[in-house]
Amino acid sequence: MIILISIIVGLALFFMIGVSARSALQAVAPAHHKPTFRDMPLTASFGLAVILFYIFVAVFAPLIAPYGESEVLGAQFLPWASPHYLGTDKLGRDMLTGLIYGARNTVGIAFATTALAFFVGSFLGLWAALVGGWLDQSLSRFVDALMAIPALIFSLLLLTIFGTSVLTLILVIAAVDATRVYRLARSVAQGIVVMDYIEAARLRGEGMWRLIRREILPNAMAPLVAEFGLRFCFVFLAISALSFLGLGIKPPTADWGSMVRENATLITFGDITPLLPAGAIALLTVAVNFVVDWQLHRASGLKE
Amino acid sequence: MENTRLLTIKGLKIEGRSGDAWHEIIKGVDLTLHKGEVLGLIGESGAGKSTLGLAAMGFARDGCRISGGTIDFDGIDLRTASETRRRGLRGKRIAYVAQSAAASFNPAHKLIDQYCEAPVVHGVMPRKTAEDDAVDLYRRMRLPNPDAIGFRYPHQVSGGQLQRAMTAMAMSCRPDLIIFDEPTTALDVTTQIEVMAAIRDIVRQFGTAAIYITHDLAVVAQMADRIKVLLRGDEVEEADTRSMLAAPREDYTRSLWAVRSFARAEHPSATGIPVASVGNVTAGYGAVDVLKNISFDIHAGRTVAVVGESGSGKSTTARVITGLLPPREGEVLFNGKALPASFKARSRDELRQCQMIYQMADTALNPKLRLRELIGRPAAMYLGLKGKALDSRIRDLLALIELEPDKYIDRLPSELSGGQKQRIGIARALAAEPQLIICDEVTSALDQIVQEGILKLLDRLQNEFNLAYMFITHDLATVKAIADEVVVMQHGAVVERGAKAEIFADPKEDYTRLLLSSVPEMDPDWLNRLLVARSGLTPND
């Protein structure tokens, strides 16, 4: 019965958020973008609303959170009751505060990592496809060699060598993920560089940067955007896995991945607190993929 | 005639979906086909020829649905028959031959395996008999080496042979009806004749009824007993081939006839230094020489048409001039000065002087850029135009190619028709203010009426800006319309070159004569006469 009710409540929430987000976006959007938002599916508007909410929380974390990020406030593992509405963790820090700051740290780091991986990977991939020859060969074989090493082992290795700051974490995971993006971007671009319009642009005397940015990239966007949504989720998992191994985001910085691990034992006592950070990750993952699907649909020309 | 009726279509309506709305593609067409009769379907692209052809098999493409009318095939209502029943008919009693045999054959299987599939699946004959039958039909289709050709893979035989093998395959179950969807459109004129003759003979031998879809009037005149003209899903007129050719009733049909009559006056003969001069060029890929010692000149204000079959090296010549393929020997002169062999070594101004228009506007225009940028980029790049000046230049160019600037400037290529896209290709070339424009089969992918518009536009621009054109084509009707000089190529060498009038009136070489005589004419007896003339025998009809 409870399950049924929660499913119904969940669906109702989904539709409510979806519909209201869509009408809100439509009202705010500039005139020539209005049709875009009018035709967007409910899933996409729900996803957008969730993402915007996460961004809001991440940006204004210090204002929203009831306590400081690393403040120890009282007993460990307190139950859900005022003033700690979601209880406390094993050090006695406020759970709600942890979740709010986690949005900032985890999402921020994951986004920065994915963005960096995409920038580097797709630029190199498009460049290799465009130039071809020895550049393509050497870059691709180098990437092949990197991909031959299991990702987790490789990032562990790099993190042990370079130390575990947030910056190295971002750089290392981005480097590992960029190899995957490179592969995709290169194979997509190889189909594009043989088109007549690329030949025409080359004959016009266009430079490398312009060819990549204006001629190839817009045509390679659809698969890259789809990959972005997927990659973003993998980066999340990678950060959580590294945190679990003690090489990721270090305490006292709040991070959803480590929050799941630290509180995991509570599950055996029937407490659902560790599911909250896990749920936060899941919700964002789903939301990102909803939006990406919508963008993909539009980019593939199925919009009309 | 009543009892010999094979296919009766009445009030057929087919709708296609775009977004959430359905709109009619075929708007109530009637069609009757008797046993052993060949009906020609002609019209521009988008007229619904192929859709109607497929409907004769009770089939509608994805995103289309048959929304009204009846399709009766030999007493079977194809609209209400079950899918199993329809599938039983397809391949067995109704067969289909697609435009591109190369794309329709499965590249992973031998021709004869694909031939045997239909008869074996439909239980018409066992595999062994089917194989013998295949060899027999290959022989009747006049394929070379009929005993062995079936054991080759599709990529091992030429396009014309593939098209004949496909027709043989369609014949495998001795169907009552074959639908030919532009079977010779992708072929060279010389190959087209062989395929046309083979198709016509085999259809007559077996008394098969056929629907022959094409946009080429001269072709349909050779093949069909009756012709039906379609325009935007509606029937324009239908008549006996001879009477339609002699006296078309409708204006639209007449306009289809008239297209071929476009011709412009020859420009004054060449003087001074040629704009571009190809001097003793030998070039190729890898160890193979594709071009062998090619030479010709292109003068300002004149059009040089380069003709030949596919594989004759026409496009490779263009690649040498543009610098995409540096020649092994020889050089390209521009206004008397030698150009660097590779485009990478050429200056921006040298690049600007020579522009190119491609055959497929679909792939030659970046689908993600708006017309403003597509046309504006060369102007901004070469002439350094910015802001207002650039905007007004783009508008001028759009006006020049007869597209309304305000309406089109912010469109994407996908929002244009085929002919309009080709106009954008022309505008992009013009934006660079070049001296030479290379037109690589620019009209081949277009309908005849649209072709005429493009040719007229090119002609007008040539007079206005004193442009030199190098016009690559395999279509001799286009050459007749627009060329001043003709260069005939075969196997990478220039066979013959000279003024258009001379070449057409008095060809010196055998190959030129063969090429010229292969262009289909509107006369329904043309193919018969030609075959008689070539073989010295009477055709078997």
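The values are calculated or read from the model by the stated rules, or taken from the named source; none is laboratory data. All values derive from a computational prediction rather than experimental measurement. Quick reminder, even Gly has a Cβ in these numbers, built from the backbone with ideal geometry, and neighbours come from all protein chains shown.
Quick one: how many residues across region B:468-486 are aliphatic (A, V, I, L, M) and modelled with pLDDT under 90?
Our first condition is that a residue be aliphatic (A, V, I, L, M); within region B:468-486, this holds for B:468, B:470, B:472, B:476-477, B:479, B:481-483, B:486.
Filter again for modelled with pLDDT under 90, leaving B:476-477, B:479, B:481-483.
Final tally of qualifying residues: 6.
Does region B:170-189 contain at least one residue that is of a type in the set (S, T, N, Q) and either farther than 23 Å from B:S310 by Cβ or crowded, with 18+ Cβ neighbours inside 10 Å (or both)?
yes
Matching residues to (1) part of a loop (DSSP other than H, G, I, E, B); (2) free of Cβ contacts under 8 Å to residues at least 12 places away in the same chain:
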{"site": "B:C116", "(1), (2)": "no, no"}
{"site": "B:P119", "(1), (2)": "no, no"}
{"site": "B:D136", "(1), (2)": "no, yes"}
{"site": "B:P144", "(1), (2)": "yes, no"}
{"site": "B:R152", "(1), (2)": "yes, no"}
{"site": "B:G160", "(1), (2)": "no, no"}
{"site": "B:R164", "(1), (2)": "no, no"}
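Go through the residues of region B:345-352 one by one and say whether even a single one is part of a loop (DSSP other than H, G, I, E, B), within 14 Å of another protein chain (Cβ to nearest Cβ), free of Cβ contacts under 8 Å to residues at least 12 places away in the same chain and closer than 28 Å to B:A283 by Cβ.
Yes: region B:345-352 contains one or more residues that are part of a loop (DSSP other than H, G, I, E, B), within 14 Å of another protein chain (Cβ to nearest Cβ), free of Cβ contacts under 8 Å to residues at least 12 places away in the same chain and closer than 28 Å to B:A283 by Cβ.
Within the group B:L461, B:L398, which residue is within 22 Å of B:A263 (Cβ to Cβ), away from every other protein chain (no Cβ under 14 Å), modelled with pLDDT of 90 or more and surrounded by 18 or more Cβ atoms within 10 Å (Cβ to Cβ)? Write out each step before concluding.
Numbers: B:L398 fails: within 22 Å of B:A263 (Cβ to Cβ).
Of the residues listed, the single one that is within 22 Å of B:A263 (Cβ to Cβ), away from every other protein chain (no Cβ under 14 Å), modelled with pLDDT of 90 or more and surrounded by 18 or more Cβ atoms within 10 Å (Cβ to Cβ) is B:L461.
With a cut-off of at least 3 residues that are modelled with pLDDT under 80 and farther than 22 Å from B:A481 by Cβ, name the helices (runs of 4 or more DSSP H) lying wholly within region B:216-266. Before you say what the answer is, go through the steps one by one.
Details: elements: B:217-223, B:241-246, B:251-258.
No helices (runs of 4 or more DSSP H) qualify here.
Of the residues in region A:163-181, how many are out of contact with any Leu (no Cβ under 8 Å at 6 or more places or on another chain) and either surrounded by fewer than 17 Cβ atoms within 10 Å (Cβ to Cβ) or modelled with pLDDT under 90 (or both)?
4
Please enumerate the residues belonging to region A:51-75 that are more than 21 Å from A:F111 (Cα to Cα) and outside any loop (DSSP other than H, G, I, E, B).
Keep residues of region A:51-75 that are more than 21 Å from A:F111 (Cα to Cα), which gives A:63-68, A:70-75.
Result: A:L63, A:I64.
Might you check whether a residue that is under 30 Å from A:M95 (Cα atoms), more than 14 Å from every other protein chain (Cβ to nearest Cβ) and part of a loop (DSSP other than H, G, I, E, B) occurs anywhere in region A:213-231?
no
Determine whether A:L284 is in a helix (DSSP H, G or I) and either more than 16 Å from A:N105 (Cβ to Cβ) or in contact (Cβ under 8 Å) with a residue 24 or more places away in the chain (or both). Can you show your working first?
Values: in a helix (DSSP H, G or I): yes; either more than 16 Å from A:N105 (Cβ to Cβ) or in contact (Cβ under 8 Å) with a residue 24 or more places away in the chain (or both): yes.
Judged against the criteria, A:L284 is a match.
Does B:I375 satisfy the condition of being away from chain A (no Cβ under 14 Å), part of a helix (DSSP H, G or I) and crowded, with 22+ Cβ neighbours inside 10 Å?
Values: away from chain A (no Cβ under 14 Å): no; part of a helix (DSSP H, G or I): yes; crowded, with 22+ Cβ neighbours inside 10 Å: yes.
For B:I375, the condition - away from chain A (no Cβ under 14 Å), part of a helix (DSSP H, G or I) and crowded, with 22+ Cβ neighbours inside 10 Å - is not met.
I'm trying to understand the selection: among the residues of region A:136-162, which are surrounded by fewer than 17 Cβ atoms within 10 Å (Cβ to Cβ) and either in contact (Cβ under 8 Å) with a residue 60 or more places away in the chain or not in a helix (DSSP H, G or I) (or both)?
First pass over region A:136-162, keeping only residues surrounded by fewer than 17 Cβ atoms within 10 Å (Cβ to Cβ): A:137-138, A:141-142, A:144-150, A:152-153, A:156-157, A:160-162.
Scanning region A:136-162 gives A:I149, A:P150, A:L152, A:L156, A:T160.
For B:I9, all conditions in the list (1) modelled with pLDDT under 80; (2) over 27 Å from the mean Cα position of the chain (by Cα) hold save one; what is the number of the exception?
With respect to (1) modelled with pLDDT under 80; (2) over 27 Å from the mean Cα position of the chain (by Cα), B:I9 is out only on (1).
When you look at A:I216, is it in contact (Cβ under 8 Å) with a residue 12 or more places away in the chain, surrounded by 21 or more Cβ atoms within 10 Å (Cβ to Cβ) and over 22 Å from A:V235 (Cβ atoms), yes or no? Quick ask: steps written out before the conclusion?
Values: in contact (Cβ under 8 Å) with a residue 12 or more places away in the chain: yes; surrounded by 21 or more Cβ atoms within 10 Å (Cβ to Cβ): yes; over 22 Å from A:V235 (Cβ atoms): yes.
Yes.
Which one of these does A:M208 not meet: (1) within 14 Å of chain B (Cβ to nearest Cβ); (2) farther than 23 Å from A:A185 by Cα; (3) surrounded by fewer than 18 Cβ atoms within 10 Å (Cβ to Cβ)?
Condition (2) is where A:M208 drops out.
Take region B:245-271 and flag every residue that is assigned by TED's automatic domain parsing to the domain that holds B:G43 and over 25 Å from B:T443 (Cβ atoms).
Within region B:245-271, B:A246, B:A247, B:R249 meet the criteria.
It is to be established whether one or more residues within region A:53-66 are touching a Pro at 6+ places or on another chain (Cβ under 9 Å) and under 26 Å from A:F236 (Cα atoms). Full working, then the answer.
Here is the first cut: in region A:53-66, the ones touching a Pro at 6+ places or on another chain (Cβ under 9 Å) are A:66.
In the following step, the residues that additionally are under 26 Å from A:F236 (Cα atoms) were identified as A:66.
Yes, there is a match, as at least one residue in region A:53-66 is touching a Pro at 6+ places or on another chain (Cβ under 9 Å) and under 26 Å from A:F236 (Cα atoms).
Check B:V189, B:V219, B:V229, B:V281 and return the single one that is in the same structural domain as B:D484 (by TED's automatic domain parsing), in contact with a helix residue (DSSP H, G or I) (Cβ under 8 Å, 6 or more places away or on another chain) and within 28 Å of B:V479 (Cα to Cα).
Values: B:V189 fails: in the same structural domain as B:D484 (by TED's automatic domain parsing); B:V219 fails: in the same structural domain as B:D484 (by TED's automatic domain parsing); B:V229 fails: in the same structural domain as B:D484 (by TED's automatic domain parsing).
Selected residue: B:V281, the only one of B:V189, B:V219, B:V229, B:V281 that is in the same structural domain as B:D484 (by TED's automatic domain parsing), in contact with a helix residue (DSSP H, G or I) (Cβ under 8 Å, 6 or more places away or on another chain) and within 28 Å of B:V479 (Cα to Cα).
Name, by its number, the condition in (1) of a type outside the set (V, I, T); (2) under 22 Å from B:L351 (Cβ atoms); (3) free of Cβ contacts under 8 Å to residues at least 40 places away in the same chain that does not hold for A:M208.
(3)
Kindly list, by first and then second residue, each pair from a residue in region A:190-201 that is within 7 Å of another protein chain (Cβ to nearest Cβ) to a residue that is among the polar types (S, T, N, Q) and surrounded by 21 or more Cβ atoms within 10 Å (Cβ to Cβ), limited to pairs with Cβ atoms under 7 Å and residues at least 6 apart or on different chains.
That search, which allows pairs on different chains as well, returns A:Y197/B:N366.
If I filter region B:496-515 down to residues being buried (at least 18 other Cβ atoms within 10 Å of the Cβ) and either in contact with a Ser or Thr (Cβ under 6 Å, 6 or more places away or on another chain) or in contact (Cβ under 8 Å) with a residue 24 or more places away in the chain (or both), which single residue comes out as farthest from B:F296 (Cα to Cα)?
First pass over region B:496-515, keeping only residues buried (at least 18 other Cβ atoms within 10 Å of the Cβ): B:496-497, B:500, B:503, B:507, B:511-512, B:515.
Now drop any that are not either in contact with a Ser or Thr (Cβ under 6 Å, 6 or more places away or on another chain) or in contact (Cβ under 8 Å) with a residue 24 or more places away in the chain (or both), which leaves B:496-497, B:500, B:512, B:515.
Working: B:E496: 11, B:R497: 8, B:K500: 14, B:T512: 17, B:L515: 20 Å.
Ranking the candidates gives B:L515 first.
Could you list, in sequence order, all residues of region B:353-368 that are more than 21 Å from A:P218 (Cα to Cα) and within 7 Å of chain A (Cβ to nearest Cβ)?
First, the residues of region B:353-368 that are more than 21 Å from A:P218 (Cα to Cα): B:353-359.
Across region B:353-368, the qualifying residues are B:M356, B:Y358.
Inside region A:268-280, can you point out the residues that are at pLDDT below 85 and crowded, with 19+ Cβ neighbours inside 10 Å?
Across region A:268-280, the qualifying residues are A:T273, A:P274.
For residues in region B:13-58 being of a type in the set (A, V, I, L, M, F, W, C) and surrounded by fewer than 18 Cβ atoms within 10 Å (Cβ to Cβ), which is modelled with the lowest pLDDT?
Here is the first cut: in region B:13-58, the residues of a type in the set (A, V, I, L, M, F, W, C) are B:14, B:21-22, B:25-26, B:29, B:31, B:33, B:38-39, B:41-42, B:47, B:52, B:54-57.
Among the residues that remain, those that are also surrounded by fewer than 18 Cβ atoms within 10 Å (Cβ to Cβ) are: B:21-22.
Numbers: B:A21: 78, B:W22: 81.
If we take residues in region B:13-58 being of a type in the set (A, V, I, L, M, F, W, C) and surrounded by fewer than 18 Cβ atoms within 10 Å (Cβ to Cβ), then B:A21 is modelled with the lowest pLDDT.
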